[in-house]
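First the structure, in the form of structure tokens, and then the observations on it.
The values are calculated or read from the model by the stated rules, or taken from the named source; none is laboratory data. Just so it is clear, the structure is predicted and the values come from calculations on it, not from any experiment. Here Cβ is always computed from backbone atoms with ideal geometry, including for glycine, and neighbour counts include all displayed protein chains.
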Amino acid sequence: MRQKFDFSILNSLNRKRRILIIGAPCTGKSTLAKAISESLEIKFVDLDNLLWQPAWVKTEASEFMQKYRDEIAKDAWVISGNISSTEEIILQRTDAIIWLDYPLAFTFMRGLRRSLTRSLKKEECCNGNFESLWRTFSPKDSVLVWILKTHTRRRRRYLEWRERVKNSEIEFYQIAKPIEVSQLKTFLCASQ
């Protein structure tokens with residue numbers, strides 16, 4: 001059973017310097033990470049920007065890992081993203097993990113709305129890349145298909161992470177309601 005969100009995060013987050021935001025695609029990881037980054041005045045790193053080059057060219061694995069290692073070697077950062085090859089490394093460096101744990105139906109609808117908005121308004125999503133209606137509904141490239149395929153597996157993995165770090169110095173926060181993120185961002189803006 002999910003624990004109720006603990007608002008003590010508002011007090012302890014100011015002491016954290018290496019924060020990881022995880023969750024399914026389209027849950028608002030990057031938006032929250034940017035808000036925390038601005039509030040704490042530490043660097044924001046979006047894994048999508050490390051992974052995807054312009055024209056949706058995937059960064060070669062060794063180059064990606066080197067960029068990733070360079071970023072997490074720094075003293076302070078807020079990272080948003082989920083890439084399985086980075087898990088063991090990040091768990092050795094992070095102070096706090098914030099998991100945006102929204103229900104599948106909510107995440108899917110949010111993903112659909114976000115993808116359609118980005119496609120129709122031609123909004124950039126990462127490194128000069130744009131979503132398109134084709135990418136939104138293509139079985140091969142669709143973030144919606146990715147959400148459906150990975151939601152349960154990803155959730156199971158993050159529950160394991162929560163247990164794994166339970167007796168460590170890493171603080172783990174599980175947020176299941178967007179209103180809780182809104183309250184956290186409001187607090188962060190007020191504390192700037």
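Looking at residue 48, is it touching a residue at least 24 places away in the same chain (Cβ under 8 Å) and among the acidic types (Asp, Glu)?
On the way: touching a residue at least 24 places away in the same chain (Cβ under 8 Å): yes; among the acidic types (Asp, Glu): yes.
Considered against the rule, which asks whether it is touching a residue at least 24 places away in the same chain (Cβ under 8 Å) and among the acidic types (Asp, Glu), residue 48 comes out as yes.
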For segment 172-185, pairs from a residue that is closer than 13 Å to residue 158 by Cα to a residue that is in a helix (DSSP H, G or I) and at pLDDT below 90, with Cβ under 7 Å and 6 or more apart or across chains, are 173/9; 175/181
Are there any pairs, at least 6 apart or on different chains, whose C-beta atoms fall under 7 Å, with the first in segment 90-110 and over 16 Å from residue 155 (Cβ atoms) and touching a residue at least 24 places away in the same chain (Cβ under 8 Å) and the second of a type in the set (A, V, I, L, M, F, W, C) and part of a helix (DSSP H, G or I), and if so, which? 90/72; 93/72; 96/13
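Can you go through 15, 2 and tell me which one is modelled with pLDDT under 95, closer than 21 Å to residue 147 by Cα and either out of contact with any helix residue (DSSP H, G or I) (no Cβ under 8 Å at 6 or more places or on another chain) or of a type in the set (Asp, Glu) (or both)? Reasoning before the result, please.
Numbers: 15 fails: closer than 21 Å to residue 147 by Cα.
Of 15, 2, the one residue that is modelled with pLDDT under 95, closer than 21 Å to residue 147 by Cα and either out of contact with any helix residue (DSSP H, G or I) (no Cβ under 8 Å at 6 or more places or on another chain) or of a type in the set (Asp, Glu) (or both) is 2.
Look at segment 163-182 and say how many of its residues are touching a Phe, Trp or Tyr at 6+ places or on another chain (Cβ under 6 Å) and closer than 17 Å to residue 35 by Cβ. Working first, answer last.
Quick first cut of segment 163-182, residues touching a Phe, Trp or Tyr at 6+ places or on another chain (Cβ under 6 Å) only: 165, 174-175, 180.
After this cut, where a residue has to be closer than 17 Å to residue 35 by Cβ as well, the list is 175, 180.
Summing the residues that are touching a Phe, Trp or Tyr at 6+ places or on another chain (Cβ under 6 Å) and closer than 17 Å to residue 35 by Cβ in segment 163-182 gives 2.
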Odd one out for residue 147 among (1) loosely packed, with under 15 Cβ neighbours inside 10 Å; (2) modelled with pLDDT of 95 or more: (1)
Say whether the condition of being in contact with a Phe, Trp or Tyr (Cβ under 7 Å, 6 or more places away or on another chain), among the basic types (Lys, Arg) and closer than 24 Å to residue 178 by Cβ is met by at least one residue in segment 152-162. yes
Among the numbered criteria (1) buried (at least 16 other Cβ atoms within 10 Å of the Cβ); (2) touching a residue at least 24 places away in the same chain (Cβ under 8 Å), which single criterion is violated by residue 131? (2)
Looking at segment 51-83 only, could you name the residues that are closer than 24 Å to residue 131 by Cβ, in contact (Cβ under 8 Å) with a residue 12 or more places away in the chain, out of contact with any helix residue (DSSP H, G or I) (no Cβ under 6 Å at 6 or more places or on another chain) and not hydrophobic (A, V, I, L, M, F, W, C)? 53, 54, 82
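Of these, 185, 166, which one is surrounded by 16 or more Cβ atoms within 10 Å (Cβ to Cβ) and basic (Lys, Arg)?
Working: 166 fails: surrounded by 16 or more Cβ atoms within 10 Å (Cβ to Cβ).
The match here is 185.
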In segment 150-163, the residues that are surrounded by 17 or more Cβ atoms within 10 Å (Cβ to Cβ) and either hydroxyl-bearing (Ser, Thr, Tyr) or in contact with a Pro (Cβ under 7 Å, 6 or more places away or on another chain) (or both): 158
Restricting attention to segment 169-182, and to residues there that are charged (D, E, K, R) and not in a helix (DSSP H, G or I), which single residue is surrounded by the fewest Cβ atoms within 10 Å (Cβ to Cβ)? 169
